[in-house]
Amino acid sequence: MNTSLNSSTRLSNIKTSNINNSAEQWITCYLGLGSNLATELGSPAEHLQQALAALCHHPAIRGVQASSFYASVPMGPQDQPDFVNAVVGFETRLLPFELLLLCQQLEQQAKRARLRHWGERSLDMDILLYGEQQIAAPQLTVPHAGLGERNFVLIPLRELAPELLIAGKQISSYPQSEDWTGLKLFISNTPAESLTQSCVTTTADQSV
């Protein structure tokens, strides 16, 4: 997750390009979700499912599509459980920093504790892409800084959007989008099956 954002943060000195400041337009976004810590609120997979449910029921979000869930080895300290990762895509009227605040609120609801850098967490939510916008701010970088280097993000993202362009390049041109090192399928398209009255659709739903 990007650095915490206070709701009163001044947005001066933020470098952006192609940003539309109107919340009236629906913008296509992609988020990366991850968890490797079970709590009294649920297992890692359940943390992701709960976040997806919250996105589904947000009034400024529509057309939620979730990838399969993937198990991945940790990027950071190796003395922690494997992660469960997924990518979710949707359209939103939230502005970038409003979406960031929503992600942080959902992390807090999952009782995320920042114990150590790249350490265990009950829920991690990162904004990967926000339309075609580029944002460089202390609190938020879009496209996400590590997007092109992380197979646990690119593989589920490619599952959702196989023709997606990232920084002008086809997602399939990124080597990590087909590198399964340290990655395996954990749950195939379970979110749509497990959410009560779900608005989530998956790649399996689209192929029917």
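Here are a few things to note about the model shown:
Matching residues to (1) among the polar types (S, T, N, Q); (2) open to solvent by 50 Å² or more (accessible area, probe 1.4 Å); (3) modelled with pLDDT of 75 or more; (4) closer than 26 Å to residue 85 by Cα:
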position	(1), (2), (3), (4)
2	yes, no, no, yes
11	no, yes, no, no
18	yes, yes, no, no
21	yes, yes, no, no
33	no, no, yes, yes
39	yes, no, yes, yes
45	no, no, yes, yes
50	yes, yes, yes, yes
61	no, no, yes, yes
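Here's the yes/no breakdown for (1) modelled with pLDDT of 95 or more; (2) not in a loop (DSSP other than H, G, I, E, B):
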| site | (1), (2) |
| --- | --- |
| 74 | no, no |
| 78 | no, no |
| 99 | yes, yes |
| 108 | no, yes |
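- The lone exception for residue 180 - which of (1) in contact with a Ser or Thr (Cβ under 9 Å, 6 or more places away or on another chain); (2) at pLDDT 90 or above it fails: (1)
The values are calculated or read from the model by the stated rules, or taken from the named source; none is laboratory data. Bear in mind that the values here come from a model prediction, so they are computed numbers and not experimental data. Quick reminder, even Gly has a Cβ in these numbers, built from the backbone with ideal geometry, and neighbours come from all protein chains shown. Please note that ligands, DNA and RNA were not included when accessible areas were found on the heavy atoms of the full protein model with its side chains. Shrake-Rupley method; radii C 1.70, N 1.55, O 1.52, S 1.80 Å.
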